[in-house]
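Encoded as structure tokens, the structure appears first; notes follow it.
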């Protein structure tokens, strides 16, 4: 397998949310339709995901957390913890398959079957904490995959880059004491979920391996590229990860209804091109709630994984109130 992998399953459409909820099945329907029209998908190796095992889920989450999601779904669904996080009858199976999709991608990339991978999954995961669903997230897909990569493949240094507009509180909490995992987050701040301040740098043995880059509402590509050149790239190059997981949220796009940032779809291709040579990449869909902007932004990101992204700008010169929660 020489082309990047694309991991998807139609079961991801069966996680149902109420009418008008931002995290809806049409996010993936519209995305897949767009990629088909752009003739992108034939350029990827399509992988069908497997479900995560309980043993893999418990690398991150408590057994009570996993069983509570199953119990709510067995009753036909309901609201989990915060008022924005919903589950339907199929949501436990969907979330377990979403976590397994990232495990499938990691196995393909670390095993040398693919140079990189993108996981078109839902529900998103980066807000889910060890014992708490939140922010549209049931299970922490990226965290589960990172823990599995260490235990299954024996990786010694792994990096997670989260560029969702919301801080990945669940992922940070999972790894804040772990010096083998570098967690970097660029996010709107102050904003949901309230975490992600500059001073949050990790704890104990993991102090210094959490890098939060809080950006004010209204920030655009200039501010993000400056952060990439001055902080993200130096941190990644110094750490030297064997694998780079991306929590790829696209809700910092200027058209997104939940964020207050000003990125364009091409921005995501430029970010991807900057980090493409750092380590093999497994990218995982998180947020992004304007359906047209999400589709175009993912296309830009995927073109960069295929190495036909737009030109990358050099280091830039010295740019709304928060509008909601979400993955």
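Since every read-out is calculated from the coordinates, none of them should be taken as a lab result. Everything quoted here is computed from the prediction, not taken from an experiment. Using ideal geometry, Cβ is built from the backbone for each residue, glycine included, and neighbour counts are taken over all protein chains shown.
Within the range 239-270, the set of residues being over 13 Å from residue 298 (Cβ atoms), touching a strand residue (DSSP E or B) at 6+ places or on another chain (Cβ under 9 Å) and in a helix (DSSP H, G or I) comprises just one member, 239. When the range 203-215 is filtered for residues that are part of a loop (DSSP other than H, G, I, E, B) and either under 12 Å from residue 168 (Cα atoms) or over 20 Å from the mean Cα position of the chain (by Cα) (or both), the ones remaining, listed by number, are 203, 207, 208. Counting the residues of the range 1-24 that are surrounded by fewer than 16 Cβ atoms within 10 Å (Cβ to Cβ) and in a loop (DSSP other than H, G, I, E, B) gives 7. Inside the range 136-184, residues that are over 13 Å from the mean Cα position of the chain (by Cα) and on the phi > 0 side of the Ramachandran plot make up a count of 1. All conditions in (1) touching a strand residue (DSSP E or B) at 6+ places or on another chain (Cβ under 9 Å); (2) under 29 Å from residue 61 (Cβ atoms); (3) buried (at least 23 other Cβ atoms within 10 Å of the Cβ) hold for residue 192, with the sole exception of (1). Evaluation of residue 142 against the conditions (1) over 23 Å from residue 224 (Cα atoms); (2) crowded, with 24+ Cβ neighbours inside 10 Å shows that the sole unmet condition is (1).
Would it be correct to say that residue 197 is assigned to a loop (DSSP other than H, G, I, E, B), crowded, with 20+ Cβ neighbours inside 10 Å and more than 18 Å from the chain's Cα centre (by Cα)? So residue 197 fails the test.
Restricting attention to the range 42-68, the residues being surrounded by 14 or more Cβ atoms within 10 Å (Cβ to Cβ) and either more than 21 Å from residue 15 (Cβ to Cβ) or within 21 Å of the chain's Cα centre (by Cα) (or both) number 18.
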